[in-house]
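First the structure, in the form of C-alpha cells, and then the observations on it.
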Amino acid sequence: MSTATASSPTLRWWIGISAILIVAVDQATKWWAETTLEFREYTPVIGDLLGWRLVYNPGAAFGLASDYTWILTILAGAAVIGLTIFAFRVPNVWWGVGVAALLGGAISHLGDRLFRDPGFAVGHIVDFIDYAGFFVGNVADIFLVVGAIYLVLVSLFQKDPSPEGDELPAQEN
C-alpha cells in the first residue's frame, strides 16, 4: 500500500480541507458573536476567567499596530501564500496538522482584513473570547497559537521528518 508523502495529493487535500473547515468554524463563531453579543459587554462563561466580549480589533495581537491595518493585511496575505507553498512541501502528516491550523487561521484573518468594516484591506478582526481581561481573541487565534506551538514541538521531537507510518494512506485506484 502506498502512503501520502510530501508530494502526495492526498496530504495536500487533507491540509486544504482542514484549513477550510477552520475558516468556516471561525467565521461561524464570529457571526454568532456579532448577532448575539452586545459590543464591549462582558458575559461570563467561567466567572472572571473566561467570557464573551465582542470587540473589533484593527491591530495585531493585543491591539498592536492599530494604525497600520493595511500593513497587517499585507502580512496576512504573505502568510497565506507562504503557508500554501509550504503545504505542498510538508514531509508528513505531523507537519500537515500544524500547517493546516496556521493556514486556516491566517486565511480567516486575511478575510476579515479584506472584507470587514471599515473597508477593503483595513477591516477589523472580530474578537469575542475574553481571557480574564488579559486579551480578547477568536477561534482563528486559537488555531494560530496552538498550530505554532505544535510545529515547534514537532520540529524539536521528530528526528526523521518522514518516518514510515507517519503518512496518510493514499487512495488506491
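All of the numbers you see were taken from the coordinates with simple rules; none came from a lab. This one's a predicted model, so the numbers in the text were calculated from it and none came from an experiment. Here the Cβ is made from the backbone with ideal geometry for all residues, glycine too, and neighbour counts use every protein chain on show.
At 222 nm, what value in deg cm²/dmol follows for the chain if DSSP H runs of at least 4 each add -39500 (n - 2.57) and the sum is divided by all its residues, to the nearest 500? The partial results should precede the final answer.
Details: 4 runs with 89 residues, N = 173.
-18000 deg cm²/dmol, from helical runs alone.
Tell me, in nm to one decimal, what length is gained between TRP13 and ALA65 on full extension, where the rule is 0.36 nm per residue of separation less the Cα-Cα distance? Write down the numbers at each step before the final one.
Details: separation 52, 0.36 × 52 = 18.72 nm, distance 3.46 nm.
Using 0.36 nm per residue and subtracting the Cα-Cα distance, I get 15.3 nm.
Might you report the magnitude of the Cβ-based charge dipole of the chain about its Cα centre, with Lys and Arg at +1 and Asp and Glu at -1, to the nearest 20 debye?
On the way: 8 positive and 16 negative charges, 63 e Å.
Magnitude of the dipole: close to 300 debye.
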### Query
For the chain, what Kirkwood radius comes out of the mean inverse Cα-Cα distance, in Å?
17.2 Å
### Task
Helix by helix through the chain, keep the DSSP H runs that span 30 Å or more along the axis on Cα and average at least -0.5 on Kyte-Doolittle, and give those back in order.
9-36, 93-115
## Note on the structure
Here the relative contact order (percent) of the chain, from C-alpha pairs under 8 Å and at least 6 apart, is 33 percent
## Note on the structure
Stretched fully, the stretch from SER155 through PHE86 gains (0.36 nm per residue minus C-alpha distance, one decimal, in nm) 23.4 nm
### Query
What's the percent breakdown of Cα-Cα distances in region 115-155 across 10 Å bins, shortest bin first?
26, 35, 32, 8
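May I ask you to derive the FRET efficiency for TRP31 and PHE120 from their Cβ-Cβ distance with R0 = 22 Å, giving the value to the nearest 0.05?
Working: r = 20 Å, r/R0 = 0.90.
Approximately 0.65, to the nearest 0.05.
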### Query
For region 9-157, with the dipole built from +1 on Lys and Arg beta-carbon atoms and -1 on Asp and Glu ones, taken about the Cα centre, which of ALA24, VAL152, VAL45 lies farthest toward the positive end?
VAL152
